[in-house]
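Visitor: My structure is below; once you've seen it, I'll send some questions.
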Amino acid sequence: MNEQFRARANLILLIFGFVILIYVIKVAPSLLYDPIVYELKVSGNRFLSTKYIKNIVMPVGGVRLSALTVPYDPFIKSYSIKYEGNGMAQLFVTERTPAFISSTSMGYFLTSPEGVFLAQISKDDLYKLTGMMIVFGIDSFNFNGTGIINPVLVSEIDEILSYPAPLKKEILEVDIKTNTLYFAKGVSVRFENLNLSPSVDEVILSMIKTSKIGSRYIFIDNNFIELPQSF
C-alpha cells in the first residue's frame, strides 16, 4: 500500500515538475520578453492626433508587444515601439509633411515632398489651405491612388519646393506642364524650366510688386518679356 502511494506521489510530482518545466521554457520567457501592452504613449506626431493614433493601434483589452503594429496611414512615414514596463509602451512616429496640393483628374490631394497623397481635398475646402501652392498639369500616367509615381515629376516639384522662402511664399499655383508660375494679382511667368538662379528669384520678387494686375511674362534668354493682354 505504501509502495503504491509512494509510486503515485512520485508520478504526480513528476507530472507537476514537467508542467513547471514547460512553464519556465515556454510561458515565462513570453511574459518577460513579449508582455501584454495595456497603455500606449505616443510622441513625434504633429499632424495626426494622439487619440486617432491610439485608436488605430491599440485594441481594447491590450495586445502582446510582438503583435503591436501601426496600420498604414499615408501621414506615417516610419515608427518605432519601445516597451517601458508595467504594461506601458512608447510609440514614436515620423510623419510625412504636407508640402503642396496636387491637382489631378481624380481631384485635389494634400501631398508630401516625396509625392505621397496624404488626404483628398474637396474643391470647396481649398480656401482652408490658403498659402499652400497648387500644382496643376499632373497627367493621369504620372500618378496612382497613393501618389505621384513619376520620379522626374517629383524631382521637378522638389526644385520648386527648394526655392527661397520669400519667393515660394508668393507662388499661388504652378503649371508643371508649361513651367508657369502664378502669383498674386494674376501675375504669371513662364520659363523654359523651373530651375531658377538666385538672381532670377530676386527679379521675380521685385516684378511681382510693381506689375499690374493680370500681367504675364515669358522668360527667354535671361530676359523677362511682358506679353500683351490679348496674347
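Every number in this text was worked out from the coordinates using simple rules, so none of it is lab data. Given the structure is predicted, the values throughout are model-derived calculations rather than measurements. Positions of Cβ are generated from backbone atoms using ideal geometry, with glycine treated the same way; all protein chains shown enter the neighbour counts.
Visitor: Check the range 178-189 and report whether any residue there is under 16 Å from residue 102 (Cα atoms), touching a residue at least 40 places away in the same chain (Cβ under 8 Å) and hydrophobic (A, V, I, L, M, F, W, C).
Guide: No; the residues of the range 178-189 include none that is under 16 Å from residue 102 (Cα atoms), touching a residue at least 40 places away in the same chain (Cβ under 8 Å) and hydrophobic (A, V, I, L, M, F, W, C).
Visitor: Just to check your reading of the model, which residue among 165, 184 is small (Gly, Ala, Ser), touching a strand residue (DSSP E or B) at 6+ places or on another chain (Cβ under 7 Å) and closer than 21 Å to residue 201 by Cβ?
Guide: One residue alone meets the criteria, 184.
Visitor: From the list 170, 159, pick out the single residue that is in contact with a helix residue (DSSP H, G or I) (Cβ under 8 Å, 6 or more places away or on another chain) and under 29 Å from residue 117 (Cβ atoms).
Guide: Being in contact with a helix residue (DSSP H, G or I) (Cβ under 8 Å, 6 or more places away or on another chain) and under 29 Å from residue 117 (Cβ atoms) holds for just one of 170, 159, which is 170.
Visitor: Out of the residues in the range 175-199 that are surrounded by fewer than 16 Cβ atoms within 10 Å (Cβ to Cβ) and of a type in the set (A, V, I, L, M, F, W, C), state the one that is nearest to the chain's Cα centre (by Cα).
Guide: 194
Visitor: Those residues that are among the aliphatic types (A, V, I, L, M), within 17 Å of the chain's Cα centre (by Cα) and crowded, with 20+ Cβ neighbours inside 10 Å, I need them from the range 134-149; list them, please.
Guide: 148
Visitor: Is it fair to say residue 58 is among the hydrophobic types (A, V, I, L, M, F, W, C) and under 30 Å from residue 136 (Cα atoms)?
Guide: No.
Visitor: Only one residue in 208, 138, 148 is in contact (Cβ under 8 Å) with a residue 40 or more places away in the chain and either β-branched (Val, Ile, Thr) or more than 15 Å from residue 101 (Cβ to Cβ) (or both). Which one?
Guide: Residue meeting the stated conditions: 148.
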